[in-house]
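The values are calculated or read from the model by the stated rules, or taken from the named source; none is laboratory data. Computed from a predicted model, the values in this text were never measured in an experiment. Every residue, glycine among them, receives a Cβ derived from its backbone with ideal geometry; neighbour counts consider all protein chains shown. Side chains are part of the model used for accessible areas, which takes the heavy atoms of the whole protein and leaves out ligands, DNA and RNA. Shrake-Rupley method; radii C 1.70, N 1.55, O 1.52, S 1.80 Å.
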Amino acid sequence: MTARTTPPFRADHVGSFLRPSYLLEAREQFFVKKSIGAAQLRAVEDKAITEIVKFQQDVGLQSITDGEFRRTYFHIDFLEQLGGVKTDIPVTVKKPDGTEELAPPVIRVIDKVRHAKDIQKADFEYLKSQVAAGTTPKVTIPSPTMLHFRGGRAGISREAYPELEPDFYDDVAKAYGDELQSLFDAGCRYVQMDDTNLAYLCDEKMREAARARGDDPNELPHRYAKFINKVVARKPKGMTLAMHLCRGNFKSTFAAQGNYEPVAEALLKEMDLDAYFMEYDDDRSGDFRPLRFLPKGKIVVLGLVTTKFGQLEKKDDLKRRIDEASKHAPLEQLCLSPQCGFSSTVHGNNIAVEDQRRKLALVVETAREVWG
């Protein structure tokens, strides 16, 4: 079995990390107290990113992110910078059992979608300046499907798009393609799109909600495959484009559950992506049988290590599960990672910084022993 020299790597990760307290303080000073300016906040972010880059390199990771340290939410901060898109800040709601849940943000398309400016370029350039030779800087962005799934037809202006097909999907794909090109021109070769919607379509409650919005949950995965392929068609040659399937990750809670079977064929077989990060950290994810749809040439990164709780997984258990997965997809086409980021929103999961380090070290160590 061989190590991988191109992304995704045998030991990889989804991207976000717990924010240090001094960064959270600076954000409060900027966003709430208005006591510091944008340049001062960026200087603090730069310092925190330099530290998290070193942290990843010290653990032994080959793909390096900026921890999403410049964002409040993994998706909104990006989507609201697209022309024609309006987002509302999500609210935290308390459930009857006392736990907190993030109510989904309202994402509306109010005009023609366009790439109004380079969104991630400057952030990538700083990240690139910090990474060591031999490691690969990775950029994470939300999936374009979020502009449709949250609100369905009702969330997209009828004035701008009397019909969704083909103009809406083409415009979004062009906006994403322009962003990917700007990143490529800056030296980026590894981009991951974070997608909750396909994972949500594995959950019967979410499928029912889609029906209520006028969508067919059996048809949507195939429509989204065509949508994603419009983006892939605009991807610069030489760039790895991956997708992370997320079931929700707010303060160690989740939003959806269910086996990947309802979306597996559209996801793995029909989408022209290079790789998939799939959450497999607990029983919510079902079995590995959906991996049978994985074609040659594509990679699945198994998210077997949870980022929601501090208890460390056993290495032998991880190896056993990798072995189970390899019965449905070739071991050569598999890699290992945590199931999600450690801080998909600025709030962070309920896990200690030291547990974050131990879990990543476990991923690196296990991958080395399994794949060499």
Problem - Yes/no for Leu331 being surrounded by 23 or more Cβ atoms within 10 Å (Cβ to Cβ) and at pLDDT 95 or above - result: no
Exercise for the section: List the number of the failed condition for Lys117; all other conditions in (1) charged (D, E, K, R); (2) more than 18 Å from Ser344 (Cα to Cα); (3) touching a strand residue (DSSP E or B) at 6+ places or on another chain (Cβ under 9 Å); (4) not in a loop (DSSP other than H, G, I, E, B) hold. Expected result: (4)
Exercise for the section: Quickly run through the range 3-27 and pick out the residues that are in contact with a helix residue (DSSP H, G or I) (Cβ under 6 Å, 6 or more places away or on another chain) and without any contact (Cβ under 8 Å) to a residue 24 or more places away in the chain. Expected result: Ala26
Exercise for the section: Spot the failing condition for Met278; the list is (1) in a helix (DSSP H, G or I); (2) modelled with pLDDT of 95 or more, and only one is missed. Expected result: (1)
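Kindly indicate which of Glu51, Glu68, Glu100, Glu125 is open to solvent by less than 20 Å² (accessible area, probe 1.4 Å) and of a type in the set (Asp, Glu).
Just one listed residue meets the conditions, Glu68.
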Exercise for the section: Within the range 171-189, identify whether any single residue is touching a helix residue (DSSP H, G or I) at 6+ places or on another chain (Cβ under 6 Å), part of a loop (DSSP other than H, G, I, E, B), open to solvent by 20 Å² or more (accessible area, probe 1.4 Å) and modelled with pLDDT of 90 or more, and answer yes or no. Expected result: yes
Completion exercise
Scanning the range 103-122 for residues that are touching a residue at least 60 places away in the same chain (Cβ under 8 Å) and crowded, with 21+ Cβ neighbours inside 10 Å, the one farthest from the chain's Cα centre (by Cα) turns out to be Val113
Completion exercise
Only unsatisfied item for Phe342, checking (1) under 19 Å from Ala11 (Cα atoms); (2) modelled with pLDDT under 95; (3) under 21 Å from the mean Cα position of the chain (by Cα); (4) surrounded by fewer than 23 Cβ atoms within 10 Å (Cβ to Cβ), is (4)
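Out of all the residues in the range 24-36, is one or more within 18 Å of Pro142 (Cα to Cα) and out of contact with any Asp or Glu (no Cβ under 7 Å at 6 or more places or on another chain)?
No.
Considering every residue within the range 42-62, establish whether at least one is on the phi > 0 side of the Ramachandran plot and either touching a residue at least 60 places away in the same chain (Cβ under 8 Å) or among the hydrophobic types (A, V, I, L, M, F, W, C) (or both).
Yes, that holds for at least one residue.
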Exercise for the section: Could you grab me the full set of residues in the range 32-67 that are assigned to a helix (DSSP H, G or I) and touching a strand residue (DSSP E or B) at 6+ places or on another chain (Cβ under 8 Å)? Expected result: Val53, Gln56, Gln57
Completion exercise
Restricting the range 7-43 to residues that are among the β-branched types (Val, Ile, Thr) and at pLDDT 95 or above, the one surrounded by the fewest Cβ atoms within 10 Å (Cβ to Cβ) turns out to be Ile36
